[in-house]
Amino acid sequence: MSTTTAAAGNAARDLGGRVAIVTGSTSGIGLGIAEALAARGAAVMLNGFGDAGAIEALCQRLRAEHGVPVGYHGADMSQPEQIEAMVAQAAAQFGPVDILVSNAGIQHVAAIEEFPPAKWDAIIAINLSAVFHATRAVLAGMKARRWGRIVNIASAHGLIGSPFKGAYVAAKHGVVGFTKVTALEAAEFGVTCNAVCPGYVWTPLVAGQVAAQAAAHGLSEEEVTRKVFLAEQPSRRFAEVSEVAAAVTYLCSAGAGSVTGVALPVDGGWTAH
Ligand code: NAD
């Protein structure tokens, strides 16, 4: 049993009967969030790339462990019409969408002069524009039913910059801004919208960056982890996927009904500098 499951297993199933979509949930943080929402009783539509057999096995495991409906839609989050199709399939399979967690994201690290324009476009499409398209597809229904929870996984890089991450920092700052606008437009309708801003969390996305930076700096992966990554994070450890998931389940809970428009760091103190 994962630590996420163990921690969430004691929580009330306060999201029973709710329908959630978590984008980018075949891996890393999104998978942890999907597990935590399932543990709280929500039906979950998974999304993301990966091996079809492994994804089917994941769906079966979550159904068996949490006793909730779990489905999968392979929408490419850079394609607006596929995002609409995913929301429609979730509604057809489980009922109208109550909870949207926009989590899918990619990274590319390069100096501005060397940044490939195609990578810029892909990061803006997947990390930022997809948040708009998914929100647009669910918001009218949430407002009509007078309940909804939208959580956007931004980043510490939604609040501060770092060199060589131009597209990612621009997209994540955009996500924080769009979160505030969504919160303001939805506030009267029982719908909240918040951003969660993780610092470094150990996932395949960060493992790839550690390997790339180690090669670029001519350092070992251990050295680059200590000198480049955790040097930023005052806790001197990676945040846990389960800690990000716990922030999301809190924001989806009844008790967070008046929390809206915030950008909540889960970053071991990084943005307190
Ligand atoms: P990850 O690479 O482990 O997972 C990313 C997920 O997104 C995967 O399921 C992948 O299949 C999916 N995905 C990628 N492109 C997609 C596309 N075009 N359409 C649909 N799905 C797509 O990454 P992660 O570290 O878990 O990151 C998840 C989110 O958290 C991202 O938005 C990332 O920017 C953010 N974040 C991560 C960290 C960190 O340290 N890991 C820190 C701050 C913010």
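Of the trypsin sites (Lys or Arg not before Pro) found in the range 196-260, the ones in coil according to DSSP and having at most 16 other Cβ atoms within 10 Å of their Cβ are Arg236, Arg237. From least to most packed, judged by other beta carbons within 10 angstrom and beginning with the fewest, Ile106, Ile112 follow the order Ile112, Ile106. Comparing Thr179, Ala130, His157 along the charge dipole axis of the chain, the residue lying farthest to the positive side is Thr179, per the Cβ-charge model.
Think of each Lys and Arg Cβ as +1 and each Asp and Glu Cβ as -1; about the Cα centre, that makes the dipole of the chain roughly 660 debye.
Normalised by residue number, the volume inside the convex hull of the Cα atoms of the range 1-111 is 114 Å³ per residue.
Multiply the residue separation of Gln60 and Tyr250 by 0.36 nm, subtract the distance between their alpha-carbon atoms, and state the gained length in nm to one decimal.
65.8 nm
Qualifying trypsin sites (Lys or Arg not before Pro) in the range 77-180, where qualification requires a DSSP coil assignment and no more than 13 other C-beta atoms within 10 Å, comprise Arg146. Which pairs, out of Lys119/Lys165; Lys143/Lys180; Lys119/Lys172; Lys143/Lys172, put more than 23 Å between their alpha-carbon atoms? Over 23 Å apart, Cα to Cα: Lys143/Lys172. According to the Cα-based calculation, Rg over Rh for the range 165-214 is 1.16, with Rh computed by the Kirkwood formula.
Both radii were evaluated on the Cα set of the chain; the Rg over Rh quotient, with Rh as the Kirkwood radius, amounts to 0.95. Taking label positions 7 Å along the Cα-Cβ direction at both Asp14 and Arg226, the computed distance is 4.1 nm, reported to one decimal. Rg/Rh, computed from the Cα trace of the range 111-191 with Rh as the Kirkwood radius, has the value 1.08.
Each peptide in 93-100, 217-224, 43-50 was scored by the mean count of other Cβ atoms within 10 Å over its residues; highest first, the order is 43-50, 93-100, 217-224. Every helix of 4 or more DSSP H residues in the chain counts as -39500 (n - 2.57), and over all residues that averages to -14000 deg cm²/dmol at 222 nm.
For the chain, the longest principal axis of the C-alpha atoms and the axis of helix 28-39 are separated by about 20°. Here the residues Trp147, Trp270, ranked from fewest to most Cβ neighbours within 10 Å of their Cβ, fall in the order Trp147, Trp270.
Here's the picture: a label point sits 7 Å out from the Cα of Glu81 along the beta-carbon direction, and within the range 38-75 the residues with their amide nitrogen under 19 Å of it are 73-75.
May I ask which residue of Ala64, His217, Val97 lies farthest towards the positive end of the charge dipole of the chain, with charges of +1 (Lys, Arg) and -1 (Asp, Glu) on Cβ and the Cα centre as origin? Among Ala64, His217, Val97, the one farthest towards the positive end of the dipole of the chain is Val97.
So between Trp202 and Gln89, what do we pick up on full extension, going 0.36 nm a residue minus the alpha carbon distance?
37.5 nm
For the range 95-109, 3J(HN,Hα) computed residue by residue from phi via the Karplus equation (6.51, -1.76, 1.60; θ = phi - 60°) reads x, x, 7, 9, 10, 10, 10, 8, 10, 3, x, 10, 9, 8, 10 Hz, glycine and proline entered as x. One chain, two ends: Arg237 and Ala216. Fully extended at 0.36 nm per residue, the span grows by 5.3 nm beyond their Cα-Cα distance. Taking the Cα centre of the range 124-267 as reference, the dipole from Cβ charges on Lys and Arg (+1) and Asp and Glu (-1) amounts to some 420 debye.
Every number in this text was worked out from the coordinates using simple rules, so none of it is lab data. Note that the structure is predicted; figures quoted are calculated from it, not measured. With ideal geometry, Cβ positions are generated from the backbone for all residues, glycine too; neighbour counts draw on all protein chains shown.
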